[in-house]
Amino acid sequence: QVQLAESGGKLVQVGESLRLSCEASGNITMINVMSWYRQIPGKQRELVAAHTRVGTTNYSEFAKGRFTISRDTNKHTVYLDMDNLKPEDTGAYYCAVNGLTVQPGNFLPGQYWGQGTQVTVSP
């Protein structure tokens, strides 16, 4: 059973930095894409950034220049470093993975989600 465990969300002040982590577990041998999404109060869930197994990254416009996604492939862990945080970054941040292969070599279709970690940026 695939599980995603996010951590790192907390209350911070405007301009501070924060690192979110997400570890995937469940007899995983390979993950194609690891991503971060967020849901701001009153808005739909939106992509923050994505990282493919071969190292390609993709950022939403609001994340460019302030957020950095990175990944430890061996640990099945993805990180999101957020700098210069703003009150409008407040929300729940979710980790998602897709393109999973699990032992003994089975490909799992679809996308898997974590439970989310709350980031609150105080003015």
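The values are calculated or read from the model by the stated rules, or taken from the named source; none is laboratory data. Nothing here was measured: the structure is a model prediction, and the numbers come from that model. Neighbour counts are summed over all protein chains in view; Cβ atoms, including those assigned to glycine, are modelled from backbone coordinates with ideal geometry. To get the accessible areas, we keep the full protein, side chains included, count just its heavy atoms, and leave off ligands, DNA and RNA. Shrake-Rupley method; radii C 1.70, N 1.55, O 1.52, S 1.80 Å.
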Being open to solvent by 30 Å² or more (accessible area, probe 1.4 Å), of a type in the set (Gly, Ala, Ser) and modelled with pLDDT under 95 narrows Gly110, Gly99, Gly65 down to just Gly110
Looking at (1) touching a strand residue (DSSP E or B) at 6+ places or on another chain (Cβ under 9 Å); (2) of a type outside the set (Lys, Arg); (3) at pLDDT below 95; (4) outside any strand (DSSP E or B), which is the one condition that is false for Asn74? (1)
Of the conditions (1) open to solvent by less than 60 Å² (accessible area, probe 1.4 Å); (2) modelled with pLDDT of 95 or more, Ile28 satisfies every one except a single condition; which number is it? (2)
Please determine, by comparing only the residues of the range 1-15 that are open to solvent by 80 Å² or more (accessible area, probe 1.4 Å) and not in a loop (DSSP other than H, G, I, E, B), which one is nearest to Arg38 (Cα to Cα). Leu11
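Can you pull out the residues in the range 31-53 that are touching an Asp or Glu at 6+ places or on another chain (Cβ under 8 Å) and either of a type in the set (A, V, I, L, M) or surrounded by fewer than 17 Cβ atoms within 10 Å (Cβ to Cβ) (or both)? Don't jump to the end; show me each part of the working.
Initially, the range 31-53 is screened for residues touching an Asp or Glu at 6+ places or on another chain (Cβ under 8 Å), giving 37-40.
Residues satisfying the conditions are Gln39, Ile40.
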When you check Thr90 against the structure, is it at pLDDT 95 or above and surrounded by 15 or more Cβ atoms within 10 Å (Cβ to Cβ), yes or no? yes
Checking Cys22 against (1) of a type outside the set (Asp, Glu); (2) closer than 14 Å to Thr90 by Cβ; (3) in contact with a Gly (Cβ under 9 Å, 6 or more places away or on another chain); (4) open to solvent by less than 30 Å² (accessible area, probe 1.4 Å), which single condition isn't satisfied? (2)
